[in-house]
1. With the crude spin-label approximation of a point 7 Å out along Cα→Cβ, what separation in nm comes out for VAL186 versus THR274?
2. How about region 162-251: which trypsin sites (Lys or Arg not before Pro) there lie in a loop by DSSP and see at most 13 other Cβ atoms within 10 Å?
3. Could you report region 201-257's accessible area per residue, 1.4 Å probe, as an integer in Å²?
4. Report P(r) for region 206-326: all Cα-Cα distances, bin width 10 Å, range 0 to the bin holding the largest distance, values in whole percent.
5. Suppose all protein chains stay in the model; what accessible area per residue would a 1.4 Å probe give for region 65-104, in Å²?
6. Tell me the Kirkwood radius of region 115-158: reciprocal of the mean inverse pair distance over distinct alpha-carbon atoms, in Å.
7. Given all pairs of different Cα atoms, what value in angstroms does the Kirkwood hydrodynamic radius of region 106-216 take?
8. How many percent of the accessible area of region 113-193 is carbon or sulfur, using a 1.4 Å probe?
Amino acid sequence: TYYTIMTVGNISFRAAIDTGSADFWLLSTGCTDNACNNLPKYPLLYDSPSFTAVNGNSTQFNASFADTTRVSGFVARETVQLASLSVSQQAFGLANTSNVTLVDDVSGVLGLGFPRLSTIHSLAMNATPVFTTLAQQGSLVYPVFGVGLTRSAPWGSLTLGAVDSTFVKNASLIGWNEVLPFEPFVGSTGNASSYLQWAITMSNITVGNQSIQPIPSYPQANRNKSIALIDVGTEGIFGPYQDVERIFSNVDTSRLVDDSGQWAIPCDTQATITFAFGDQNYTLLPSDFLIGPVSTNPSLCLSWPKASAPTGDGIDWQLGSAFLRTVYTIFGYGIANKEPPVIGFYPLQPSNATSPLQPLAQQSLSALFSSLSLTVATTLPNSLLSTPTPTVPSYIFNTSVATSSPVQSDLAASTYAPIFRSGRLADITDLPELVPGQVTITSDGVVITSTVLPPTQSASLGSYPGQPSGALTTRATWPIAAIVLSVVACIVRLF
């Protein structure tokens, strides 16, 4: 999990970062499920002056996730703040029921997807997701956010309105990819495609020197292109059986572990896996994709990618933190009637990697596994398993509607001047950067200029004025920094 700290009604909470969803929700004190125990919650009895009920707190929301967990509650409005950026009357969910596993005092999820993906957006008026609200209000230097997920340090970077120049040293190396629109759902009354997911086309996969052309599960619907979801909220890498099997067929002595689509390969493998988007290649080393040694045979390691069956949405690949730790990812939100959304990857390895971003050398990885006696509880089958051929469900979108990259509403305000042209920057210098040495930090009322990571400030999670004695609060340390109307906030990785 990668999380940042937000304040909601002047109460601090940790929220997990997720580009695969679009709703912002927090646990409420109304949740008594086991998954809610001992976590900071939004206090329903707190008479927050900035709280506004929606339909008498009777507008119900339900959200589900790929791991089959669910959360439900009601929609409300509050003032939401992330570093120096503040949104009043932001619609969000207060969860009364949840089986979502949240750890280390994380109280909810900050979804950074498009409004069409948001359940809350469909339930209330003027209920766009948090980043959409900022982009449509013109509160950002530019409608873009950047995410840096580091390998070894327990922190990362979420930058709103700019990119973090501690990661991006040469913007000309960023590879840009236009986000794909999706048709209306089958059975809906819509007659135009629109943006739904942070999804782009994957052009090729290479294992060592062996090229593998991705085979889409829905070739006719997607013009014979394989689609990848770029998902900060997912731990690993998932792909279709027809691609994952071919990847591991090029790794000696690899084998399918079970019917969950998990493969195991030699822990001392020297293989690399390269994903190509457009004409840019991004290479993962074993230290990026090995999960850990099998407990019953420590010479074999579980490995990403894991195979998954198609779900009907046409997205075959889901690239989570195992891939995203090798790049700095820039999400260009798009400008209404001017500019489509784009995703940019800036490679962090091997030539551009700097400590603490450096990948582990293979010998160091093996030594780490050995020194920690690190194994994953897994029982290998007594015989080699054949790769299953899952049933392909019906496509859930209406293919009779054209998908010609609409640049429409539900994107950033048209007052922004576009800087992207055909998936590339018109001028590299137009991309706003948060520059070291120009970061202003407010600490106890003192403004500091810093060239390094911001110092920590203390936060009481879930604490509010007039709180009864004995109510749950926890302490946390967190960096916070702002420049003009751009924000860089700490993302902390939970190991």
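1. 3.8 nm
2. Details: sites: LYS169, ARG223, LYS225, ARG246; in loops: LYS169, ARG223, LYS225.
Taking region 162-251 and a limit of 13 other Cβ atoms within 10 Å, the loop trypsin sites (Lys or Arg not before Pro) found are LYS169, ARG223.
3. Working: 2450 Å² over 57 residues.
That works out to 43 Å² per residue.
4. 13, 47, 33, 6, 0
5. On the way: 1560 Å² over 40 residues.
Using a 1.4 Å probe on heavy atoms only, each residue of region 65-104 averages 39 Å².
6. Numbers: mean 1/r = 0.0798 Å⁻¹.
Over region 115-158, the inverse of the mean reciprocal pair distance is 12.5 Å.
7. On the way: mean 1/r = 0.0572 Å⁻¹.
Across region 106-216, the inverse of the average 1/r is 17.5 Å.
8. On the way: 1510 of 2760 Å².
Whole-percent figure for carbon plus sulfur exposure: 55.
The values are calculated or read from the model by the stated rules, or taken from the named source; none is laboratory data. This structure is a prediction, so every number in the text was calculated from the model and none was measured. Methodologically, a virtual Cβ is constructed for each residue, glycine included, from the backbone with ideal geometry; neighbour enumeration extends over all protein chains shown. Keep in mind that these areas ignore ligands, DNA and RNA; they rest on the heavy atoms of the full protein, side chains included. Shrake-Rupley method; radii C 1.70, N 1.55, O 1.52, S 1.80 Å.
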